[in-house]
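Since the structure comes first, as structure tokens, the remarks are kept for the end.
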Amino acid sequence: MDNSIYGLTKGQTSPTSMVGFVTKTTPRGTPDRPINPLQLAMASGATFVARSFSGKPKELAELLIAFFHGGGPAKAARKAAPAAE
């Protein structure tokens with residue numbers, strides 16, 4: 001799951017947080033450019049790359065069925081992030 005924040009570590013930014021994303025640990029916003037895990041997977045030769053949203057369980061289930069029926073090693077699910085404090 002990726003919600004662009006490490007919520008269990010007091011709201012630290014993650015490698016997928018957007019530039020300028022403000023949290024308690026980065027009050028001026030993160031200066032780092034985010035990585036795109038799907039582009040990284042494709043560049044690494046993944047044979048199945050897909051993204052879904054955990055708030056749409058039917059769509060996510062269809063993606064997982066496709067993955068387990070001939071897909072490859074890369075998949076990503078997005079999750080809504082709680083509001084940063």
Check your understanding: Say each of residue 51 and residue 12 gets a label point 7 Å from the Cα, pointing the same way as Cα to Cβ; how far apart are those two points in nm?
Key -> 2.4
**Study point:** 3J(HN,Hα) from dihedral phi, the stretch 33-46, Karplus parametrisation 6.51/-1.76/1.60, rounded to Hz, x for glycine, proline
**Key:** 6, x, 8, 10, x, 6, 5, 4, 4, 5, 5, 8, x, 4
Exercise for review: Work out the FRET efficiency for residue 40 and residue 68 from their Cβ-Cβ distance, taking R0 = 22 Å, and round it to the nearest 0.05.
Suggested key: 0.50
Study note, to complete from the structure: Going from the fewest other Cβ atoms within 10 Å to the most, one would list 40, 63 as 40, 63
Check your understanding: How do 33, 51, 28 line up, fewest other C-beta atoms within 10 Å first?
Key -> 28, 33, 51
Exercise for review: Pop out the ³J(HN,Hα) list for the stretch 10-27 in order, Karplus 6.51 cos²θ - 1.76 cosθ + 1.60 with θ = phi - 60°, rounded to Hz; leave Gly and Pro as x.
Suggested key: 6, x, 6, 5, 10, x, 9, 5, 6, 4, x, 4, 9, 9, 4, 8, 9, x
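Read-outs throughout are calculated quantities, based only on the coordinates presented, and are distinct from any laboratory measurement. Please read these numbers as outputs of a predicted model, since none were measured by experiment. Please note: Cβ atoms are built from the backbone with ideal geometry, for glycine as well, and neighbour counts cover all protein chains shown.
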